[in-house]
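Report on one structure; see the data block that follows.
Readers should treat all values here as calculations from the given coordinates under stated rules, not as data from a laboratory. Everything numeric here is computed off the predicted structure, so don't read it as measured data. Cβ placement follows ideal geometry from the backbone for every residue including glycine, while neighbour counts extend to all protein chains displayed.
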Amino acid sequence: MQPENFVSNESKSMSLPHGFEANVVDDCVYHKFSGSKYIFLVLYVDDILLVSSDTGLLHETKRFLTKNFEMKDLGEASFILRDRSQGILRLSQENYISKVLERFDMKDSKPGDTSIAKGDKFSLKQCPNNDLERNEMQKIPYASVVGSLMYLSDLGMQHWKAVKRVMHYLRRTKGHMLTYRKFEDLEIIEYSDFDFAGCQDNKCSTFGYIYMLAGGAISWKFVKQALIAPSTMAVEFVACYQTTNQRIWLRNFVIGLRVVNGIERPLKLYCDNNSAVLYSNNNRSTTKSKFIDIKFLISMEHIGTCFMLAGPLTKALIPKVFHEHIARMDIIP
């Protein structure tokens, strides 16, 4: 149960506890400053995580919470590993992955090298063609396995094989953790990539993005574009534009923390399409590119394909390149 005197999405008029203020874009994150000291309170359903620069302020907040609410102090967060001397913070999902593998009797399965094989493509043609095939697929727990990933109706055997490959990959990498490192000057960096006409059914392009902060990935997404762009340059511009909302939200969230200096400068956006970068940095326009000028024109910087961290979100890569990208995201054992 959420404490009754915390602000919630349903009731903005509720008072905040003990001098805390809500983050400007996230009502589940609160902060309090006392001189140079600060404390953050993160609320998730009926769980609370406290992070503070001062032990005294931390204990003061704990006393206030336990006095006003029925709760139990569970001590330091057990799923967040840290090395204070090195300034490293690591997030693990090993326990959750182990439970999923055990639930579907795959805890002893053969470890997989990558989450998707290079060259794999999926389309509606792979869906069942008759009731017999559909009845056969009903025996397979596909929806349950991918419930935490993405739900797909009318699945076929190729889809199930792809899901099992993901499970084999998780079996090998369940000990990997998102890793964040202490930097004097924090900066949000975005990588955007696409697969031109990647959808086998309607030739829409697919795109993905990944945001990095403190050396590790903090936000990522892979979706299909709603429109059919006429060129790879246009696809790149549309992809970068469609990440704008997330880009603005992340920037406002970090600024709202009030402990990060220099974050208000323009965010870096990297893509590996030379035409898009050149076009974004000159004033030339043609009839074919007018729709870009009106809605999608933004500035970006070029980065080599081998360094495009969003690559694994848009296409299958050979194991060597895939592992290099994952390591650059600081997802390591």
Quiz item: For Gln158 and Met106, FRET efficiency with R0 = 22 Å and r from the beta-carbon atoms, rounded to 0.05?
Solution: 0.75
Exercise. Return the distance in nm (one decimal) between the two label points of a simple spin-label model at Asp73 and Leu91, each offset 7 Å from Cα along Cα→Cβ.
Key: 2.6
Self-check item: Contour minus Cα-Cα distance for Lys62 and Asn130 (0.36 nm per residue)
Solution: 18.4 nm
Quiz prompt | Cα-based shape type of the stretch 21-78, given that a ≥ b ≥ c are square roots of the gyration tensor eigenvalues and the cut on a/c is 1.5 | solution = oblate
Self-check item: Order by protection proxy (mean Cβ within 10 Å, highest first), peptides 101-112, 320-331
Solution: 320-331, 101-112
Quiz item: Using the count of nearby Cβ atoms within 10 Å as a rough guide to exposure, how do Lys161, Lys174, Lys268 rank from fewest to most?
Solution: Lys161, Lys268, Lys174
Quiz item: Val166 to Asp113: extension gain in nm, 0.36 nm per residue of separation minus the Cα-Cα distance?
Solution: 18.1 nm
Exercise. Given a cut-off of 28 Å, name the pairs among Lys182/Lys224; Lys32/Lys221; Lys161/Lys268; Lys125/Lys268; Lys107/Lys182; Lys221/Lys320 whose C-alpha atoms lie farther apart than that in the structure shown.
Key: Lys182/Lys224; Lys32/Lys221; Lys161/Lys268; Lys125/Lys268; Lys107/Lys182
